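Student: Before we start, here is the structure in question, set down as structure tokens.
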Amino acid sequence: MSDKFWSNEAKKLDWFKEWDKVSSGEKPYVKWFVGGELNASYQCVDRHVKNGLGEKIALYWESESGESQSFTYNDLYIHVNKLASGLKNLGVKKGDVVVLYMPMIPQAIFSILAVARIGAIHNVVFSAFSYKSLKDRIIDTNAKFIITADFVLRRGKYTDLKFIVDLAAHETSIEKVILIKRTDKPVAIDNKKDILYEDLISKSEGYCEPEHMESSDPLFILYTSGTTGKPKGIVHSTGGYLTYVNSTFESAFGKVKDEIYWCTADIGWVTGHSYVVYAPLMSGTTMILHEGAPDYPDPSTWWKIIQKYKVSVFYTSPTAIRMLIKLGQEWLSGFDLSSLRVLGSVGEAINPDVWQWFFEHVGNKKCPIIDTWWQTETGGFMISPKREYGIEKLKPGSATFPLNIIDAQIVDEHGLPLPDGYKGYLVIKNCWPGLTLGIWGDNKRYEETYWSKFKDCYYAGDFAIKDKDGYFWILGRSDETLNIAGHRIGTAEIENAVIKNHMVAEAAVAAVPDKIKGQDFALFVVLKTQSENTDIIKTEIINTLKIEIGALAKPGKIYFVDSLPKTRSGKIIRRVLSNLLQKQDIGDLSTLENISAIENIKSVIR
Ligand code: PRX
């Protein structure tokens, strides 16, 4: 049944060679479309050009700088081929990892597709991640090539990306930096290491044969946070992944080929990979790529773009919607959003009141909201409404049902199915083509993290409930990770960074709800020696987090305490800290070793 379904879905792609077997092997290493050969850039570009869609607009780019550009599929073909040839001439080979540290500019899409065209593996690093995060990822993949731009622009501020790349490249395996000069601002150039993007493509051939990739050859690595300090390099395949994102895109949003599609995610996250780049381009739609924030230069930015391009499918995050709600409904007035037919949401559960606002004020009560639950590891949507459901079948706040033949279940601590209405762990019982190939260079961690908690099924790391009508309600992470503004970040990652400060003996992260970001965190810090200068130390800690992780890891508050609540085996009980902050019952303290810590923490919070 499953093989038949996926075989039909895979047939929607153009394969150079058809597979011999739809699936083979055992969980968690099932291989899909064994023996089949294809190329991701061919799927996204060549086949549309061959099918007579060359003159169709593939991409409208809008930047907060005021610039806008459009590219047809023919343009995309030219750019991708030239860059792919240039990369090859530079010595990039099939299987090499190419790091992309880029703003939301068209060259980011050309780069992703060009890397895929020559069979190399892209590793996009979100452009707001710090030099240290970039460096750690380069070290993990041992990459020799990086593509970057001189500056990234966010809310009117230019950040020198090249400077960050130079810092990271200096201490790693990077041999060549391909630099996109998008501004006239000066940046340091090292003639031995740096190559200007324009120079590279001006000397390269106009056609580059797409590499014939085996279906399970890796297409990309994308890092995501886990429960330890070290992020996990999630690897995705070519054939299985592309089949899955293509299939889920169509199930959830319908046929968008003749529509204008806009997903607001950054290419640095999985949504940017699956549903900004691959799925829409495979479908041959026209999409919007936006560089900038929803509230800059003012909170009507997104509505202007929707009106200008007559966007029909608009896919965004609850955190952005909450921010726009807070900034006031008046920013929507006067804009014609009647082109919208479908809305989408991703990153965290969308609160029913936010759902209602989005539905009424953006969708004018006529657009279904497609609330998609999925993860970096799953490749594409797992639980989501289908476009054909219409509005009536939706329940605000629920991602509705598992898509197609995904077998999602709610189980207890022992892996036993729970009755409807009981909160439990969300697991996936069967296998699907979009599932990650594993963690880059660390199969053991992959098996332990996802496949050891419950026998023979994928442990998603989320709590959920299934109601009596079969609707799934996602209730947040069940592991030690936070979801801040829809971005996953590990508590251990933050704590490990904080204790790098020479004054800090111990640190613990406490999650707290946040009206805009969904979740925020406070830091509880124990100093090595008491200090009068806690304000200075606070600033230092904030800076350390910025350097070690990036702007995302900014604590809402920092508290200096005498000790942290711990179990007898020395494990910090973060739950107690979160409950104290929210003035909630702290529950059973019998496992607590140092009960005296509580009074001190309470008084510091006060
Ligand atoms: O906790 C879930 C939450 O985001 C996690 C996955 O994070 P990441 O791999 O960064 O991917 C984000 C984009 C797919 C999940 O384990 N999450 C994502 N989408 C939803 C969600 N929680 C509830 N509802 C959603 N629609």
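Student: Which FRET efficiency value, to the nearest 0.05, is calculated for residue 5 and residue 304 with the Förster distance at 30 angstrom and r the Cβ-Cβ distance?
Tutor: 0.15
Student: Over region 281-385, with every protein chain in place, what whole percent of the accessible area is carbon and sulfur at 1.4 Å, could you tell me?
Tutor: Carbon with sulfur: 52 percent of the solvent-accessible area.
Student: Follow-up question, since we're still on this one. Between residue 219 and residues 5 or more places away or on another chain, which pairs have amide H atoms under 5 Å apart, with H built 1.01 Å from N, and which residues are they?
Tutor: Under 5 Å from the amide H of residue 219: 236, 237, 238.
Student: Further, regarding this structure: Sum up the charges of everything whose Cβ sits under 12 Å from the Cβ of residue 402, counting Lys and Arg as +1 and Asp and Glu as -1, but leave residue 402 out.
Tutor: Local charge sum for residue 402: +2.
Student: Describe numerically, in nm with one decimal, the distance between label points set 7 Å from Cα along Cα→Cβ at residue 184 and at residue 540.
Tutor: Result for the modelled spin labels: 4.4 nm.
Student: Quote to one decimal, in nm, the extra length available between residue 455 and residue 205 on full extension: 0.36 nm per residue of separation minus the C-alpha distance between them.
Tutor: 84.8 nm
Student: How much net charge surrounds residue 310 when only other residues with a Cβ under 10 Å from its Cβ are counted (Lys, Arg +1; Asp, Glu -1)?
Tutor: Every neighbour counted, the sum reads -1.
Student: For region 470-477, in order, what is each residue's ³J(HN,Hα) by Karplus, 6.51 cos²θ - 1.76 cosθ + 1.60 with θ = phi - 60°, in whole Hz (x at glycine and Pro)?
Tutor: x, 7, 9, 10, 8, 10, x, 6
Student: Which one, 516, 530, 547, projects farthest toward the positive side of the charge dipole computed for region 481-605 from Cβ point charges (K/R +1, D/E -1)?
Tutor: Highest projection toward the positive end goes to 516.
Student: Would you please give the residues with an amide H less than 5 Å from that of residue 194, counting only those at least 5 places away or on a separate chain, with H modeled from the backbone geometry?
Tutor: The list, which skips near neighbours in sequence, is 177.
Student: Would you mind getting the accessible area per residue of the chain, heavy atoms of the protein chains only, 1.4 Å probe, in Å²?
Tutor: Solvent-accessible surface per residue comes out at 39 Å².
Student: Per-residue HN-Hα couplings for region 231-239, Karplus 6.51 cos²θ - 1.76 cosθ + 1.60 at θ = phi - 60°, whole Hz, x for Gly and Pro?
Tutor: In residue order, the calculated couplings are x, 9, x, 7, 9, 10, 7, 8, x Hz.
Student: Turning to a different aspect of this structure: Work out the FRET efficiency for residue 227 and residue 335 from their Cβ-Cβ distance, taking R0 = 45 Å, and round it to the nearest 0.05.
Tutor: Working: r = 43 Å, r/R0 = 0.96.
The formula returns an efficiency of 0.55 here.
Student: So how strong a dipole does the chain carry about its Cα centre when Lys and Arg Cβ are +1 and Asp and Glu Cβ are -1, to the nearest 20 debye?
Tutor: Computed about the Cα centre, the dipole is about 200 debye.
Student: Let me ask something else about it. Grab the beta carbon distance between residue 94 and residue 526, set R0 = 51 Å, and tell me the FRET efficiency rounded to 0.05.
Tutor: 0.50
Student: Between region 44-85 and region 302-322, how many Å separate their Cα centres?
Tutor: 22
Student: Still on this structure, please answer the following. Roughly how many percent of the accessible protein surface of region 481-605 is carbon and sulfur, given a 1.4 Å probe and a whole-percent answer?
Tutor: 51
Student: Using amide H atoms built 1.01 Å from N in the peptide plane, name the residues 5+ places from residue 505, or on other chains, whose amide H lies under 5 Å from its own.
Tutor: Answer set, sorted by chain and number: 526, 527, 528.
The values are calculated or read from the model by the stated rules, or taken from the named source; none is laboratory data. Keep in mind that this is a model prediction, so the values were computed, not measured. Positions of Cβ are backbone-derived with ideal geometry, glycine not excepted, and every protein chain shown enters the neighbour counts. Note: accessible area is taken over every heavy atom of the protein model, side chains too, but ligands, DNA and RNA are not part of it. Shrake-Rupley method; radii C 1.70, N 1.55, O 1.52, S 1.80 Å.
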